[in-house]
């Protein structure tokens, strides 16, 4: 029942073990981020008022998400973290409960599940549709998807890739061909059967899509093996393949959706999920009712579930307080502060996730455009940026500034030579540069958002203090993204990189995706470091866990040297519920192990229930 | 005379609507970027972009695109969203009634408060009641909806629990609940109008009450209430009506903000999303409908002017 692979060093030779490329050990901790969860707008220091992750609410580069699986996106961020705000941790998520309840029990039902009732969940954004090949899913998209669809693979609480709708995902000896075997007897909401031909049709639609095709560039072809099995031939050895199936390209949809999409009409979701689509009015609500034929016996517990997008964080919190919704999602660290320890509420955050890569907030520097193409300038900007002060100003003082891609506790974590805040060193570097080229002028850009505007103003002051001439560029999201893709920027605030496995971020860091300014390139920072490329290529096919970790530690260190990204912190997501909603962070997988409870604003809905 | 006047205004309405459609079309296409950025994201390669723009018809000359779109408009179609594939008319059909209800309710609240208040205070200007009302409304002018809404929610929704903090029940589902849910959003939008309407009407009433025909009415022994309601109010409403008509534009903008703050699904959210994502047809469709609605409202206000004061029609 596990994803099988030869690449799991923990169980070398044990083909029944779950594959966790590069992960430490099974007791290790928390799980990675579901790939493909992209965020728009910004979240880190808090959501934008108008549109959160969206900037707002939406999904822009989520394409990549689906795409590289590695999350994409935009806007930006700032410090986050919330250290110390949670009283205990569980599978990488921090959980607290108001009153005297056990802190560790928040979000995990402890009583007897109760069938029936309905729940209303308030999301941070709205989606643009349910069709995986063409719609952009952010956190809300994956919430909806977990309601009416099922992923082939889910991320376990230990970070492993676990079969979900797939019965097994098995590699050949050199990890170049992965065979996905579907569970038998599963039907879609329209009554059609889940078969290998449906999965193949899914693959064809996803591969042909300009949006999701990039995520499947790693797959050369798919072939039907038998009525329930499809063999995916990768372009080379790829031990991370199962993790790609946790992303947008891993959610299986009925062929009726393909037919509807080909007719240019909106595709009503047809899935195998725990709930069946009932109604959707964009920006108002999405309601689904219990799937009486769900393949997981006994689930779901709820008769119906409704999602209400409420973009403004304050209003979302107020709505929870009035009892109009049962649970809210938030990417604003202040939400944790507002509800932590308050009687009557349960708070779960992703604060202590350490496996895979968290969603990072950072300032991205263009390594191909003056003056940030000069390493001394990037070093000076790094030395001049006080991430701790930013965290105090905008993250409630809960942030732990980052010095690399991976947080302490992650198997991939290792100390780096990332520059510390040192204004004297920054001034010295600026003087060196100025002696040759004059005072460096840097344009710092972000998207239109009141909070982000304050963040960049603070950074502007920091950099001006060490001798830079800094101007601000605050523009709309579409223009912002266009500029990032074409390299028409110097310094941009950004939020990106959440991934179940680092390999899903390959396209963002690869030297093969760099383009000259003005040309489209997915390596937005244009950081051309052959050592990074070499390490990532090696890691993709690496079956030895220690060696794979070393590869990504190498990548991390090279970023600390190259400085295409000035780290601010990680994005902190939280879900806050009343005491009636139970088990919103206690999902159990088909094999009885726990799923990652809460993943960058995404949770599973099948096992939630309402207390009497 | 009246018919000629109305006909002239109707022609102007059509001309203005056409001009607006051209301007909106051009402005939308002048924005940097295009839908391919949103739809394709990082996969916005030249090849993919070319295919997509061809599929969307965006590779054709602007004039041809405009002509195609206008032709569809005359056939009752505003096109389809590039992203959600929803018909633009459907998007507007879902959202517009919410905005209309919001604006209508806010104006009813504004008139219901402003007119009686002005009638009371104008009878005895500069007294304590008048000064209190004037000072209060002056303060309300400085309270935009985005400031007032969180306060209303904190007090009446979270604190007292009288109203929901966000969302409404559709009017088709339950009228009473819908009206109850719309009170806070309508109030947030109405407060600015209350202040403006009150101050205008109060000033005009004070001036009117100095007129000879009011003195004459009083000399005849008419009851003061009758003097105010039957003789002073009507000629004093000209500025009020003019302000109400002009106010529609700002109310629409305010309604969009209120929608966002109260998570009400009007066309404002759809419009903002469409602009961000360069969903041209949605932007054009909504902007056209808003513009035409605005012009029609002005037309109606002008018509009411001719009823209130027939000299307007005479020119």
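Every read-out reported here was derived from the displayed coordinates using simple, explicitly stated rules and does not represent laboratory data. Keep in mind that what you see is a predicted model, and the values were worked out from it rather than measured. With ideal geometry, Cβ positions are generated from the backbone for all residues, glycine too; neighbour counts draw on all protein chains shown.
Points worth noting:
- Cα centroid of segment A:545-612 to Cα centroid of segment B:63-79, whole Å: 47 Å
- Residue A:342/residue B:100 FRET efficiency (R0 56 Å; Cβ-Cβ; nearest 0.05): 0.90
- Once both labels are positioned 7 Å from their Cα atoms along Cα-to-Cβ, the gap between residue A:197 and residue B:73 label points is 4.8 nm.
- For segment A:128-188 and segment B:255-315, distance of Cα centres in Å: 45 Å
- Taking the fewest neighbouring Cβ atoms within 10 Å as the starting point, the ordered list for A:233, A:416, A:493 is A:233, A:416, A:493.
- Peptides A:432-444, A:335-347 ranked from most to least packed, by the mean per-residue count of other Cβ atoms within 10 Å: A:335-347, A:432-444.
- Inter-label distance for residue A:262 and residue B:143, nm, one decimal - labels placed 7 Å from Cα along Cα-to-Cβ: 5.9 nm
- Between segment B:175-238 and segment B:116-132, the alpha-carbon centres lie 11 Å apart.
- Across q = 0.15 Å⁻¹, segment A:360-570 modelled as identical point scatterers on its alpha-carbon atoms has Debye log10 I(q)/I(0) values of -0.96, in the order of the q list.
- Dimensionless Rg over Rh [segment B:95-266; C-alpha; Kirkwood]: 1.05
- For the protein assembly as shown, the convex hull drawn through the C-alpha positions has a volume of 180 cubic angstrom per residue.
- Residue-averaged beta-carbon neighbours from other chains (10 angstrom radius) around A:305-315: 4
- Shielding by partners for peptide A:316-324, expressed as the average number of C-beta atoms from other protein chains within 10 Å of each residue's C-beta, is 6.
- FRET efficiency, 1/(1 + (r/R0)^6) with R0 41 Å, evaluated for residue B:151 and residue A:420 via beta carbons: 0.40
- Between residue A:512 and residue A:441, the FRET efficiency from the beta-carbon distance, with R0 = 35 Å, is close to 0.65.
- Neighbour counts of other Cβ atoms within 10 Å put A:246, A:235, A:482, A:289 in the fewest-to-most order A:235, A:289, A:482, A:246.
- Cα Rg over Rh - chain B, Kirkwood: 1.06
- q = 0.19, 0.20 Å⁻¹, segment A:533-612: log10 I(q)/I(0) [Debye, one scatterer per Cα]: -0.90, -0.92
- Other protein chain Cβ atoms within 10 Å, averaged over every residue that makes up A:125-136: 3
- Residues in segment B:262-288 that a label on residue A:488 would reach, taking backbone N under 16 Å of a point 7 Å out along Cα→Cβ: B:278
- Neighbour counts of other Cβ atoms within 10 Å put B:172, A:471, A:428 in the fewest-to-most order B:172, A:471, A:428.
- The protection proxy used here, the mean number of other Cβ atoms lying within 10 Å of each residue, ranks peptides B:292-299, A:449-456, B:272-279, A:564-571 as follows, highest first: A:564-571, B:272-279, A:449-456, B:292-299.
- Fully extended contour minus Cα-Cα distance, from residue B:239 to residue B:60, at 0.36 nm per residue: 59.6 nm
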